[in-house]
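Engineer: Please see the structure below; I have some questions.
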Amino acid sequence: MFRRMLWIFGAVVLITLSVIGYYLYQLGMEELPDRAYDKHIAIVAREYPVDPLLVRAVIWRESLFDPLAVGEAKERGLMQVTPIAAEDWIGREKIENFELDDLFDPYTNIRAGSFYLSRAIGRWQDRDDPIPFALAEYNAGRSNALRWVDEDNPRSAEAFRANITFPTTAKYIDVIMDKHAEYKKDTMKRRWEEWYKYFWQKLRERLGGEE
């Protein structure tokens, strides 16, 4: 009797978790293109300390994961690195034999863009949230970002956001931060899925081991 009840309970649990797992799997499959460059991003994050999910969100906004994208101001690649930003990067990092078309290489582009983004975040570390400040600098340049700092409340990201006079930059910040939050939520979902698979495996082993 006890064994029968255990099998029934186990079957119900397996069915329930299977449905949940399938739902999570389908959600995860929808975003697979977004993860095409995750390995590059993770490697670069060891060199330039930027949240990999933020880098992925910037790539999504800048190029929609097209490594051959070219912008109106000759920005190139995944993170739409400008020639000026690239020259700054190679000068500071002492990179030799560099050509602008190297920015079409995903790994090189992510390195250059992450350097620029990491430096911007570092400059605004004393703010209550450095990300909006850094994204504004990445999009509109440091001089504009400095101009938008609120004189009465310079540490406030909310006050800073309200002072931005470029609608495109304000929207740029909003959509990237929303996407960043979405990616963080997705990461938690994937961790739950991994736990679910582990739990299911162990449960099947336990039930299969019952005599």
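The values are calculated or read from the model by the stated rules, or taken from the named source; none is laboratory data. Quick caveat, the model's predicted, so the values are computed rather than measured. Cβ atoms come from the backbone with ideal geometry, glycine included; neighbour counts cover every protein chain shown.
Engineer: I need the full set of residues from region 70-87 which are farther than 15 Å from D102 by Cβ and surrounded by 13 or more Cβ atoms within 10 Å (Cβ to Cβ), in order please.
Structural biologist: Within region 70-87, the first condition is being farther than 15 Å from D102 by Cβ, and the residues that meet it are 71-73, 84.
Answer for region 70-87, where residues must be farther than 15 Å from D102 by Cβ and surrounded by 13 or more Cβ atoms within 10 Å (Cβ to Cβ): just G71.
Engineer: Can you pull out every residue in region 119-151 that is over 18 Å from E75 (Cβ atoms) and under 16 Å from the mean Cα position of the chain (by Cα)?
Structural biologist: Once the filter is applied, which keeps residues that are over 18 Å from E75 (Cβ atoms) and under 16 Å from the mean Cα position of the chain (by Cα), region 119-151 yields I121, P130, I131, P132.
Engineer: In region 91-118, what residues are without any contact (Cβ under 8 Å) to a residue 40 or more places away in the chain and closer than 15 Å to E75 by Cα?
Structural biologist: E99, L100, D101, D102, L103, F104, D105, T108, A112, Y116
Engineer: Suppose we filter region 38-77 for residues that are among the aromatic types (F, W, Y) and touching a Lys or Arg at 6+ places or on another chain (Cβ under 7 Å); how many remain?
Structural biologist: Within region 38-77, the first condition is being among the aromatic types (F, W, Y), and the residues that meet it are 48, 60, 65.
Imposing the further condition that a residue be touching a Lys or Arg at 6+ places or on another chain (Cβ under 7 Å) reduces the set to 60.
Of the residues in that region, 1 qualify.
Engineer: For region 157-189, what are the residues that are assigned to a loop (DSSP other than H, G, I, E, B) and either small (G, A, S) or surrounded by 20 or more Cβ atoms within 10 Å (Cβ to Cβ) (or both)?
Structural biologist: I164 - this is the single residue of region 157-189 that is assigned to a loop (DSSP other than H, G, I, E, B) and either small (G, A, S) or surrounded by 20 or more Cβ atoms within 10 Å (Cβ to Cβ) (or both).
Engineer: Follow-up. Checking the conditions here, which among E158, E75 is over 24 Å from R46 (Cα atoms), modelled with pLDDT of 95 or more and touching a strand residue (DSSP E or B) at 6+ places or on another chain (Cβ under 7 Å)?
Structural biologist: So the residue among E158, E75 that is over 24 Å from R46 (Cα atoms), modelled with pLDDT of 95 or more and touching a strand residue (DSSP E or B) at 6+ places or on another chain (Cβ under 7 Å) is E75.
Engineer: Please give the number of the condition L135 fails out of (1) closer than 16 Å to V50 by Cβ; (2) among the aliphatic types (A, V, I, L, M); (3) surrounded by fewer than 13 Cβ atoms within 10 Å (Cβ to Cβ).
Structural biologist: (3)
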